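The structure appears right after this line, and notes come after that.
The values are calculated or read from the model by the stated rules, or taken from the named source; none is laboratory data. Every value quoted in this text rests on a predicted model; they were computed, and no experiment measured them. Cβ atoms come from the backbone with ideal geometry, glycine included; neighbour counts cover every protein chain shown.
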Amino acid sequence: MIILNFSYPLTPAHLEQIEALTGEAVERVLDVATQFDNSEPFAAQVRKLVDGIGLTPRDWQTIPLLINPPSHNSIVVALLAELHARTGHFPACIRLRPVPEAAVPRYEVAEVINLQQMRESRRSAR
């Protein structure tokens with residue numbers, strides 16, 4: 001699987017946790033610098049950002065992808081819409097959390113959230 005990292009760098013410990021949670025090997029991590037201009041529309045900036053990743057239309061639809069979303073909520077929702085348009089489904093996302101009682105602030109992988117699975121399980125409740 002490929003991780004699209006739109007946030008802070010992931011450590012080797014994070015990658016081990018992700019592999020343990022998903023049962024899949026991380027082939028590579030693509031770090032995507034995510035800096036937006038607040039005076040410009042986010043939709044166009046997200047499209048340009050995702051275009052810059054360099055995956056082909058076939059890649060988007062066939063490679064298992066996992067995302068580490070950016071921290072800015074408006075960028076996240078626009079990013080999810082763009083990724084859904086390219087892949088045909090919602091991506092799975094990494095959720096990091098602070099390590100409890102750590103003397104030095106650090107983060108661990110709390111879970112991998114399968115957004116498509118969440119969507120599918122709630123469709124029957126409509």
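Summary of computed values
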quantity: Any hit, the range 111-118, residues being exposed (fewer than 14 other Cβ atoms within 10 Å of the Cβ), farther than 30 Å from residue 41 by Cβ, touching a residue at least 12 places away in the same chain (Cβ under 8 Å) and within 13 Å of the chain's Cα centre (by Cα); calculated: yes
quantity: Residue 55 vs. criteria aliphatic (A, V, I, L, M), over 22 Å from residue 12 (Cα atoms), buried (at least 16 other Cβ atoms within 10 Å of the Cβ) and more than 13 Å from the chain's Cα centre (by Cα); calculated: yes
quantity: Identity of the residue in the range 8-33, among the hydroxyl-bearing types (Ser, Thr, Tyr) and modelled with pLDDT of 95 or more, that ends up farthest from residue 112 (Cα to Cα); calculated: 11
quantity: Any hit, the range 88-102, residues being surrounded by 12 or more Cβ atoms within 10 Å (Cβ to Cβ) and farther than 22 Å from residue 18 by Cβ; calculated: no
quantity: Residues within the range 93-109 that are without any contact (Cβ under 8 Å) to a residue 60 or more places away in the chain and either closer than 21 Å to residue 55 by Cβ or within 14 Å of the chain's Cα centre (by Cα) (or both), tallied; calculated: 2
quantity: Considering residues of the range 1-26 that are assigned to a loop (DSSP other than H, G, I, E, B) and of a type in the set (A, V, I, L, M, F, W, C) only, the residue nearest to the chain's Cα centre (by Cα); calculated: 6
quantity: Unique residue being surrounded by 14 or more Cβ atoms within 10 Å (Cβ to Cβ) and not hydrophobic (A, V, I, L, M, F, W, C) when the list is 22, 11; calculated: 22
quantity: Wholly enclosed helices (runs of 4 or more DSSP H) of the range 27-126 bearing at least 1 residues in contact with a helix residue (DSSP H, G or I) (Cβ under 7 Å, 6 or more places away or on another chain) and among the hydroxyl-bearing types (Ser, Thr, Tyr); calculated: 73-87
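So that you can scan it fast, the table gives a plain yes or no per residue for (1) within 21 Å of residue 24 (Cα to Cα); (2) modelled with pLDDT under 95:
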residue: 85; (1), (2): no, no
residue: 93; (1), (2): yes, no
residue: 108; (1), (2): yes, no
residue: 125; (1), (2): no, yes
